1. Please list 3J(HN,Hα) in residue order for the range 389-401, calculated via the Karplus relation 6.51 cos²θ - 1.76 cosθ + 1.60 where θ = phi - 60°; whole Hz, with x for glycine and proline.
2. Using 13 Å as the cut-off for backbone N distance, which residues of the range 131-153 belong to the label zone defined by a point 7 Å from the Cα of residue 164 along Cα→Cβ?
3. By DSSP, what percent of the beta bridges with both residues in the chain are antiparallel, rounded to the nearest 5?
4. Taking a cut-off of 19 Å, what percent of all Cα-Cα pairs in the range 103-222 are separated by more than that?
5. Quick one: which residues, 5+ away or cross-chain, put their amide H under 5 Å from the amide H of residue 186? H built at 1.01 Å from N.
6. Taking +1 at the Cβ of each Lys and Arg and -1 at the Cβ of each Asp and Glu, which of 63, 82, 231 sits farthest along the dipole of the chain towards its positive end, judged by Cα position relative to the Cα centre?
7. Between the range 182-230 and the range 83-99, how far is it from one alpha carbon centroid to the other, in angstrom?
8. Between residue 284 and residue 368, what is the label-point separation in nm under the 7 Å Cα-to-beta-carbon projection?
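Laboratory data are not the source of any read-out in this text; all were calculated from the coordinates shown. What you see is a predicted model, and the numbers here were worked out from it, not measured in a lab. Counting neighbours? That spans all protein chains shown, and the Cβs are built from the backbone with ideal geometry, glycine included.
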Amino acid sequence: MTDTIAASAGSARSRDPLAFLQAEIEDLRAKGLFRRLRVVQSEQRSRCVIDGQEVITLSSNNYLGLNTHPRLRRAVEDFGAGSGAVRTIAGTMSLHEELEARLAGFKHVEATLTFQSGFTCNTGVIPILAPEGAVIVSDALNHASIIDGIRLTKAERKIFPHADMDGLVSALREVRAAPGGADRTVLVITDGVFSMDGDIARLPQIVAAAEEAEAIVYVDDAHGSGVLGRNGRGTVDHFELHGRVQVQVGTLSKAIGVLGGYVAGPAALRTLLEHRARPFLFSTSHPPAVAAACLAAIDVLESEPALIERLWENTRFFKEGLGRLGFDIGSSETPITPVIAGSGAVAMKLSDRLFEEGVFAQGIGFPTVPDDRSRVRTIVTAEHTREELETCLAAFETVGRELALI
């Protein structure tokens, strides 16, 4: 009997229970989708050293170049390296409170609450706003963090086709017309700027439809923060919808140039999140240097509007250049400009060849986007010079002709 058990155990040990992982990797290789992480070996600027090579980068979310701005560099010295605890124990420092007050004033809302990332904002806030029995109505191309936040709820879900306002209105009317629908909490969620295609949500129509249905409007403005609106206040300001959007999520990791996210809305929402939002309750708060740098970034946004103007000048120049060359750049309206390559394998080849030509623009394929809409996603910044953008366009022309994309 003992010999039988030993033989069985030996047989079990000979089978690797994680063998499927290598099989998945080999499948990625076979499809031309396998990627290794590129390593940045210098400051994140318009030119970086990546994998030992100096390149012009078109893959950073550092829209305004604030990560190396002198004001941010000077802001990080006074409170030590870490906060030491979660916010509800001993991790709330005066800098956190100051940052949240500044953000509330900046966004024209009653209160804000910071989280460790924009992703944790969505996974922490959505379950609070959509308890069991609620209905969430969500754009089909919303960010993965919104999708995961929705998955953490017990709410009913309705997905409307991307930017399809008739689909949104139909979904909302269907909810309200159903038995008991008049009393249900309804949450309409959309990105402000869609991160893969660079188009802007049709927020005035979304707000009008939500108001008709007496629904909450929730906008994730990660790629609108620092880019759209007066001094970078985002899509709500861009469309002059203050007071009509109940919840805004912003990021501190992209145009702000630092790290983290925040939710902006009524004071009651902040208070409840302090007691119920799991990422807030169970994660150590931002290091004080992060909060100080974010405060300095708000100072820059309010006092140096020329940075945003330069961002948009560069955006128009680069977008017009790609279009003139004949690339498919989709429906982008922002500094995010996709260059559609078709299959994932072609997108990765485009990215690799551009790198050889001195331009870092990362390829993106399935499951982030449909395989037949795989692309290189480009993002210009305020830091790029006209000469750098012309160099990038020349590289795109060379490689685009080589791969028969133009």
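1. For the range 389-401, the Karplus-derived couplings read 5, 5, 4, 5, 5, 5, 5, 4, 5, 4, 6, x, 5 Hz, x marking Gly and Pro.
2. The answer is 138-141.
3. Antiparallel bridges: around 55 percent, rounded to the nearest 5.
4. Values: 3269 of 7140 pairs.
More than 19 Å apart: 46 percent of the Cα pairs in the range 103-222.
5. Residues meeting the criterion, in which the H sits 1.01 Å from N, are 135, 216.
6. My answer, from the dipole projection, is 82.
7. So the separation of the two Cα centres works out to 30 Å.
8. 2.9 nm
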